[in-house]
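First comes the structure, then the notes that go with it.
Throughout, read-outs are computed from the coordinates displayed, never taken from laboratory work. All figures in this text were calculated on a predicted structure; none of them were measured in a lab. Because the Cβ atoms are built from the backbone with ideal geometry, glycine has one as well, and the counts that use them run over all protein chains shown.
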Amino acid sequence: MGLDRFTERLAHVPTGPGVYLMRDENNVILYVGKASNLRNRLRSYFVPTHHEDLKTRVLVSKIEDFEFIVTESEQEALILECNLIKEYQPQFNSRLKDDKSYPFIKIDNSENFPQVYITRNIQKDNAQYFGPYASAGSVRKTLSLLKKLFPYRSCTKTITGTDDRACLDFHINRCIGPCIGAADKNQYKDIIDQVVLFLEGSTNQIVRSLKDKMGQSAENLEFEKAAVIRDQLKSIEKVHEGQKVLTLRPESLDVIACSQWSDDAWIEIFFIRQGKLIGRDSYLMEVGQYDDIQGVQNAFLQQFYEVAPYIPPTVLIQIPVGEEGSHIEAFLSAKRGSSVRLYRPVRGEKRRLVEMVSNNAREALDQHKVKKFVKLNQDDTAIEELQEALNLPRLPRRIECYDISNIQGTNAVGSMVVFEKARPKTSEYRRFQIRNVKGVDDYSMMKEMLTRRFKRLVDKNSSSSSWTSDPDLVLIDGGKGHLGVALQVFLELGVTDIPLASLAKENEELFVPYMLEPILLPRNSPALFLVQRARDEAHRFAITYHRAKRSKSTLKSTLDSIEGIGPQKRRALLKKFGSIKNIRSAEVEELSEIVGITNKLAEKIKTSI
């Protein structure tokens, strides 16, 4: 399978971490992999170059489709990859035969002085288990960190409290010495409780304490000790990050999110059992006419759980169920035989789980849209239908679409995307920084962007084809008001031979000049798919630029507010650390390594941001 078939889909794959699944012509999963950058990794399979290893060559020859799951971290992707390999057992993946091969941390509460150790054998006992972890190495690093933070015993001896002398750990403050009676059962239990809190993710108090110690060590010029504490902080963050997918609470729940486009809705459902993400599934639903996303979700809840063999006590949802909520909960409770709660979380770990599933639903729907259009292979039909619907003088082989992105008028930007022969031509995309409009005024922003673009066209003062090529159709993201602004620009510049239209998102209505009534294309029309894709691409391109600009301005204003930090030092800080978050977590001595930044100024930076 070559790159051509997947080119457009790959362009819409996110660049963050995640897991991908390769399928053959029979829809059987061939391979499950993980990536820190999904787009780059997937592209590497389909580039027209020779793959050196036989495994990859054979795999690529059998791939007919792919899908992916977006995660929040590489650690999360690794754990999820292991779960999916165990579930699907793809032929191109090496896999462990023992399904209890994941390592856990175990605390045996049946002991008077519990130990903290690694195990692969989960039993139904009074012990507490934390994990699973990606590898034994990561567990050992965690245990090493725990031992540095909490003075619990690492020995396996029977504790009597009557030993003559303690081991070295007691003398270096790594154990409170229950073996010699230096601590009783209750004091030791307090230490174990702290370990449990840490493993459950309650790390704020520990982090604050470590940061204070690190700052104090740096002030005392004990840089080696400060570096050790810095590594501890990084380890804490890494461990906590790796536990986002797998909740440490032994809960069983489903997480459901929806994304809707035209008459299609994509449903993602993640299954969590005993705190472990054991699988996921997705469903494509046909949306009833004039139905909304809430109605789609509620219909799915009833239809899916009517035939599902198991219903968990909690179902996390993305959208409020409304008036039907009590009826759906009663139906689910009756089928389960005990109470079932539909819950829409607004904060915390559960909210992050819903957001992760929601992100996957949006990304999967984007892929579905691209696949649907490519599968139809109706580029010419779409162009012809659009010409007929809008009564255009010529086929719209070149479409330019425009959008504006801002938050309360700040960091306002515009985008121009180009579709030629119904396909994106990314080399001719252009971005606009809105310079002359203050406050919230989308119409004036649109006018500034279109004026700058079409002045170039009228004057023919650019060598770039994106500026000098005449579009066959100019499409504006918006309603009648935005269309009126575009028409005003054309009249002022004397542009009379370029057709105009706008697409209002609410009901997917097309407006053209001098017509009061909107044009409604059939819901399955290739022409509608084309204008929707152009509109969505313009929005994506605009919002990406807006976010980058907003992030950059935030960094600039934060650093520039610090006395003693000018443009040169700001550039040096950003060049070395990359982000305000990294600057905030850097040590004083790391900041002072930059030329011109003294220890005193470094301390001021730390306290100011």
- Task: Could you grab the relative contact order for the chain? Cα pairs under 8 Å, six or more apart, rounded to a whole percent.
- Result: 8
- Task: Return one number: the angle in degrees, 0 to 90 and rounded to the nearest 10, between the long axis of the Cα atoms of helix 526-560 and the longest principal axis of the Cα atoms of the chain.
- Result: 50
- Message: Just to be sure I understand the model, the point goes 7 Å from the Cα along the line to the Cβ. What's the resulting residue 56 to residue 144 distance in nm?
- Response: 3.1
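Hey, what's the per residue convex hull volume over the C-alpha atoms of segment 142-187, in cubic angstrom? Walk me through the numbers before you get to the answer.
On the way: hull volume 3.5 nm³, N = 46.
In segment 142-187, the Cα hull volume divided by residue count equals 76 Å³.
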- Message: Using Cβ contacts closer than 10 Å as the measure, can you line up 562, 267, 609 from fewest to most?
- Response: 609, 562, 267
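If I stretch the segment between residue 27 and residue 352 completely, what's the gain in nm (0.36 nm per residue apart, minus their alpha carbon distance), one decimal?
Numbers: separation 325, 0.36 × 325 = 117.00 nm, distance 3.06 nm.
Extra length from residue 27 to residue 352 when fully extended: 113.9 nm.
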- Task: Along Cα→Cβ, 7 Å out, is where each label goes; now give me the distance between the ones at residue 108 and residue 440 in nm to one decimal.
- Result: 6.3
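Multiplying the sequence separation of residue 292 and residue 196 by 0.36 nm and subtracting their Cα-Cα distance, what value in nm do you get?
30.1 nm
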- Could you give P(r) for segment 378-547, binned at 10 Å from zero, as whole percent values over all Cα-Cα pairs? 11, 41, 38, 10, 0
- Message: Give me the base-10 log of I(q)/I(0) for segment 253-368 at each q in 0.19, 0.21 Å⁻¹, Debye formula, one uniform scatterer per Cα, rounded to two decimals.
- Response: -1.02, -1.25
- Item | Cα-based helix-to-principal-axis angle, 599-608 vs the chain, degrees rounded to 10 | 70
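Just the number, please: Stokes-Einstein D of segment 379-455 in µm²/s, Kirkwood Rh from C-alpha pairs, 10 °C, 1.306 mPa s. Working shown, then result.
Numbers: Rh = 13.9 Å.
In µm²/s, the coefficient rounds to 114.
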- Query: Summing +1 for each Lys or Arg and -1 for each Asp or Glu, what net charge is found among the other residues whose Cβ lies under 11 Å from the Cβ of residue 300?
  - Reply: -2
- Query: How large are Rg and Dmax for the chain when only the alpha carbon atoms are used, in Å?
  - Reply: 29.4, 100
- Query: So, in nm, how far is label residue 480 from label residue 498 when the simple model puts each one 7 Å beyond its Cα toward the Cβ?
  - Reply: 2.5
- Note on the structure: Helix 379-390 sits off the longest principal axis of the Cα atoms of the chain, rounded to the nearest 10 on a 0 to 90 degree scale, by 60
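Kindly provide the Kirkwood hydrodynamic radius of segment 4-88 in Å, to one decimal, from all pairs of distinct alpha carbon atoms. Show your work: numbers first, answer last.
On the way: mean 1/r = 0.0757 Å⁻¹.
Mean inverse Cα-Cα distance, inverted, gives 13.2 Å.
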- Query: Expressed in nm to one decimal, what extension gain is obtained for the pair residue 608 and residue 326 from 0.36 nm per residue of sequence separation less their Cα-Cα distance?
  - Reply: 96.5 nm
- Item | Å³ per residue enclosed by the Cα convex hull of segment 561-608 | 67
- Ranking of 402, 129, 31 by count of other Cβ atoms within 10 Å, fewest first: 129, 31, 402
- Message: Under the rule of at least 5 residues apart or a separate chain, name every residue whose amide H is placed under 5 Å from the amide H of residue 344.
- Response: 317
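Taking neighbour counts of Cβ atoms within 10 Å as a proxy for exposure, in what order, fewest first, do 164, 108, 442 appear? Before the final figure, lay out the partial values.
Details: 164 6, 108 14, 442 18.
The most exposed by this proxy come first: 164, 108, 442.
Give 575/600; 148/581; 569/606; 148/211; 369/421; 211/606 a once-over and call out the pairs whose C-alpha atoms are over 19 Å from each other. Don't skip to the end; give the middle numbers.
Numbers: 575/600 21 Å; 148/581 26 Å; 569/606 15 Å; 148/211 15 Å; 369/421 17 Å; 211/606 12 Å.
Over 19 Å apart, Cα to Cα: 575/600; 148/581.
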